[in-house]
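Colleague: One structure follows; several queries about it will come next.
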Amino acid sequence: MNGDALALEGVAVGHGGRAVLAGVGFSLAPGSFAGLIGPNGSGKTTLLRSILGLVKLLEGHVAIGGRGQVGYVPQSIALDRFMPVRARDVIALGLDGHRLGIPLPSRR
């Protein structure tokens, strides 16, 4: 596990007292890419949530960069679902936001 960007050993995760995933193990070297594919309900999201520490492991160990804990800040924006905004309004805000006094991030 040392030197791996991500390593799982004997991971088991469950919901309601029953194992959904069991015996999961793999490692990824720094700079590598991986894809997680499978049919609906096969445990892809559960595996990702367990890596982030959002789901408690029944067994095993997850290490990211050699550490057993990960910092996770969800990237979401609270929106009022009943606010009448059209797609073109959102696009226009992105294109013309600086004119409305809304600072846009620099691309430098």
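Colleague: Regarding L100, is this residue of a type in the set (A, V, I, L, M, F, W, C), exposed (fewer than 12 other Cβ atoms within 10 Å of the Cβ) and either out of contact with any Phe, Trp or Tyr (no Cβ under 9 Å at 6 or more places or on another chain) or at pLDDT 85 or above (or both)?
Modeller: The answer is yes for L100.
Colleague: Can you list residue pairs whose Cβ atoms sit under 8 Å apart, with the first residue in segment 16-43 being within 23 Å of K56 (Cβ to Cβ) and the second being surrounded by 10 or more Cβ atoms within 10 Å (Cβ to Cβ) and among the basic types (K, R)? Count only pairs 6 or more apart in sequence or on different chains.
Modeller: Here the result reads L36/K44; G38/K44, each pair linking segment 16-43 to a residue that is surrounded by 10 or more Cβ atoms within 10 Å (Cβ to Cβ) and among the basic types (K, R).
Colleague: In segment 27-69, how many are more than 15 Å from the chain's Cα centre (by Cα), exposed (fewer than 13 other Cβ atoms within 10 Å of the Cβ) and more than 15 Å from A12 (Cα to Cα)?
Modeller: 12
The values are calculated or read from the model by the stated rules, or taken from the named source; none is laboratory data. No experiment lies behind these values; they were computed from the predicted model shown. So basically every Cβ, Gly included, is an ideal-geometry build from the backbone, and we count neighbours across all protein chains shown.
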